[in-house]
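Q: Got a structure for you, written out below as structure tokens; questions coming shortly.
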Amino acid sequence: MSNTRAAIRVPRVETQVSARGPRVPRLPRFIAWAYLAPVVIYLIAFYAYPLYRNLDLSLRDYTVRSFVSGDAPFIGLDNFREVFADPTFWPAVIHTAIFVVVSIAFQYAIGLALAVFFNNNFRLSSTLRALFLVPWLLPMIVSASTWSWMLNSDSGVVNTALNAFGLPDINWLTSPTWSLVAVILANIWIGIPFNLVILYSGLQNIPDNLFEAASLDGASSWQTFRHITLPLLRPVSAITLLLGFVYTLKVFDIIWIMTRGGPGNSSTTLSTWSYELGFGSLLPHFGPGAAVGNLLIIVAMLCGLLYIKFQSSEASR
Amino acid sequence: MKTSRSTPKTVIGVVLTAFMLFPVYWMLNVSLMRTGDMRRDPPYLLPLHPTFSGYRAVLNDQLPYLGTSLAIGIGTVALTLAVSAPAAYSLAKLRPMGGKPLTFILLMAQMIPGIIMAMGFYSIFLNVGIINTWWGLVIADSTLAVPFGVLIFTAFMSGIPDELIQAAKLDGAGSWRTFVSIVLPVSRNPIVTVSLFAFLWAWSDFIFASTLNSGGSMQPITLGIYKYIGNNNQEWNSIMATAVVASIPAAFLLVVAQRYVAAGVTAGAVKD
């Protein structure tokens, strides 16, 4: 495909040149590459090399000492075997799946509802829409520590609100039943703005006359939503969900700061487990930690490929 | 008719926004609370007895962290712009061979979970001996922004009319001259967008800071807050006051540079 595009471009450039006279020389290829050189070097040094080191970590038996000296023995896939056999493995996978699916379902549903709501231009709508961005802009540690305190068992304002409705206190962060719910709650809050902004911009691209025609035909607002908004929004929705999936898979800060994956393993996901293995204790298990990271990257990359494939097929339509 | 229909919507919108921003309000409220009221049940919903002792604690304890974060943020912005703007110029206007695969790689690079990069960087930094340095974090944090920067710049520079660049060439400007005196000056908007996001991401970074600079003498504000939570988990007014101060860049972005924010969120995700 890139060949066909190049073939189309070349004659276009030449006609332009000949129209203006033959004086403009075409740039040699190496000049174009000279501008790319910094980013290519950068990608090799600061992306490819760390990824290679991570892969290397996951295939060797590293200890703190051999980490520095660099002579850890090669053990093949033993780290991966160790990870699969670990009693934390399946809980971490299941928590990751629940965390991602539930977070995205709510973020998307709430984001879509808000996008449809803000698509009506009312007074203050753009100001309020901008304010909705706040959770997304705040540093994760700020949101996470604020939610930690709001969900505190004894003095948290959330339990105060529950009590006001006659409900009992919930040990959000300290009981294994609720810790995953608590971090999902905070993560939904953080993710709503992203969904709102992207879906809103998708809605803005739907021509107004479609909505007008629907209302002239006497469609109810639900019918309009169901038969016009939702189908026309499908490409944007798919992109939002795929990107949301990748971003949510990466979430680490919020869980680590709020619960450290605990109590027990009750809110451990693959990211927090990987961090915990590598950095969470005085006796680091870099090898297994890197192995978990590499499992995570495979899932993320698959989603990334889907996203890019989807986006380019949308762009070429 | 339009206004009569829109007033209830405005009211609903205000209520929804208030509900959404309640945690932010709560952060402010707790930051002004007296330590003695912290464990009160039910808590004061309004800062009726405000105290600035939390903010005094920020001034006493957190200024070095804030300064380090500022330096890391500025360094990240500089590195990101220096690497991404020329690359985008090439991708958008010079049509290099291999441009398409490179764009693909940049898109994929954004999908890599931070913990994996952190572990890779950790082992490299340890070998090279730059663990626990603030400028090591500049390198690590810039990986959050460089792919984004190249994609934003490329999207914008593709829209610069070819005639403008041809005209510069006819006037005898080389490609570097064209880049510096034509392309960069008209690219003010993407420069602002990329700078703002690079700064914000570097400022907010926790995972690189906690892995690559956990024992350094110059640590960013995210670690300042994290240590605060660990050390004195009774004085939540100080913790929340630090959180408020750490939110200033976000607030600044929202008030001063709102249009760039929305541009940054949607860029790359939605094709116009």
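Quick note: the coordinates plus some simple rules give every number you see, no bench work behind them. Predicted, not measured: the structure shown is a model, and the values here were computed from it. Using ideal geometry, Cβ is built from the backbone for each residue, glycine included, and neighbour counts are taken over all protein chains shown.
Q: Can you pull the mean other chain C-beta count within 10 Å for peptide A:186-196?
A: Whole-number average of other-chain Cβ neighbours for A:186-196 is 1.
Q: When the label point is put 7 Å from the Cα of A:Ala85 along its Cα-to-beta-carbon vector, which residues of region A:32-62 have a backbone N closer than 18 Å?
A: A:58-62
Q: Sequence-distant or interchain residues sharing an amide H contact under 5 Å with A:Arg60, placed H: which?
A: Correct list: A:Ile75.
Q: With contacts defined as alpha carbon pairs under 8 Å and 6 or more residues apart, what's the relative contact order of chain B in percent?
A: Working: 293 pairs, mean separation 87.2, N = 272.
Relative CO of chain B lands at 32 percent.
Q: Let me know the mean shielding of B:87-98 by other chains, meaning the per-residue number of their Cβ atoms within 10 Å of its Cβ.
A: Taking the mean over all residues of the peptide, I get 6.
Q: Report, in debye and to the nearest 20, how large the dipole of region B:62-231 comes out about its Cα centre when Lys and Arg carry +1 and Asp and Glu carry -1 on their Cβ.
A: That gives a dipole near 140 debye.
Q: Let me ask something additional. In degrees, nearest 10, range 0 to 90: what is the angle between the Cα axis of helix B:2-20 and the longest Cα principal axis of chain B?
A: 70
Q: Same structure, new question: Would you compute, from DSSP H runs of 4+ residues alone, the mean residue ellipticity of chain B at 222 nm, taking -39500 (n - 2.57) per run and dividing by the full residue count, rounded to the nearest 500?
A: Dividing the helical sum by the residues of chain B leaves -22000 deg cm²/dmol.
Q: Cα centroids of region B:156-199 and region A:193-216: how far apart, whole angstrom?
A: A separation of 33 Å, based on Cα centres.
Q: Taking +1 at the Cβ of each Lys and Arg and -1 at the Cβ of each Asp and Glu, which of A:Ser215, B:Val256, A:Thr269 sits farthest along the dipole of the protein assembly as shown towards its positive end, judged by Cα position relative to the Cα centre?
A: The Cα lying farthest towards the positive end belongs to A:Ser215.
Q: Through the Karplus equation 6.51 cos²θ - 1.76 cosθ + 1.60, θ set to phi - 60°, convert the phi angles of region A:92-108 into ³J(HN,Hα) values in whole Hz; use x for Gly and Pro.
A: Each residue of region A:92-108 in turn: 5, 5, 5, 4, 4, 4, 5, 4, 5, 5, 5, 4, 5, 4, 6, 4, 5 Hz.
Q: Taking the Cα centre of the protein assembly as shown as origin, sum charge times position over the Cβ atoms of Lys and Arg (+1) and Asp and Glu (-1), and report the length of that vector in debye to the nearest 20.
A: Rounded to the nearest 20 debye, it is 1800 debye.
Q: Apply 1/(1 + (r/R0)^6) to the Cβ-Cβ distance of A:Thr177 and B:Ile74, taking R0 = 41 Å, and write down the FRET efficiency to the nearest 0.05.
A: 0.35
Q: While we're here: In whole Hz, with x marking every Gly and Pro, tabulate ³J(HN,Hα) for region A:156-168 from phi via Karplus 6.51 cos²θ - 1.76 cosθ + 1.60, θ = phi - 60°.
A: x, 6, 5, 5, 4, 5, 4, 4, 4, 8, x, 9, x
Q: Just how far, in whole angstrom, is region A:85-106 from region B:1-78 if you go by their alpha carbon centroids?
A: Taking the Cα centre of region A:85-106 as reference, the centre of region B:1-78 is 31 Å away.
Q: With the Cα gyration tensor of region A:88-315 giving a ≥ b ≥ c as the square roots of its eigenvalues, does the rule (a/c under 1.5 for rounded; else a/b larger than b/c for prolate; else oblate) give rounded, prolate or oblate?
A: oblate
Q: Say we join alpha carbon atoms closer than 10 Å with springs in a Gaussian network model of chain B; which of B:Val192, B:Val180, B:Val146 then has the biggest fluctuation?
A: Looking only at B:Val192, B:Val180, B:Val146, the biggest GNM fluctuation is shown by B:Val180.
Q: Here's another thing I want to ask about it. Karplus couplings for region B:184-193 from phi (6.51 cos²θ - 1.76 cosθ + 1.60, θ = phi - 60°), rounded to Hz, Gly and Pro as x?
A: Karplus-based 3J(HN,Hα) across region B:184-193 equals 4, x, 7, 8, 4, 4, x, 4, 5, 4 Hz.
Q: Taking chain B as a Gaussian network, Cα atoms linked when under 10 Å apart, which of B:Met119, B:Met33, B:Met240 shows the biggest mean-square fluctuation?
A: Among B:Met119, B:Met33, B:Met240, the largest GNM mean-square fluctuation belongs to B:Met119.
Q: Which one of A:Trp222, A:Trp147, A:Trp178 has the biggest mean-square fluctuation once chain A is modelled by GNM with Cα springs under 10 Å?
A: A:Trp222
Q: Turning to a different aspect of this structure: How far apart, in nm, are two points set 7 Å out from the Cα along the Cα-to-Cβ line at A:Glu212 and at B:Ser158?
A: 3.2
Q: Determine the shielding of peptide B:156-163 by partner chains: average, over its residues, the number of Cβ atoms on other chains within 10 angstrom of each Cβ.
A: For peptide B:156-163, the averaged partner shielding equals 1.
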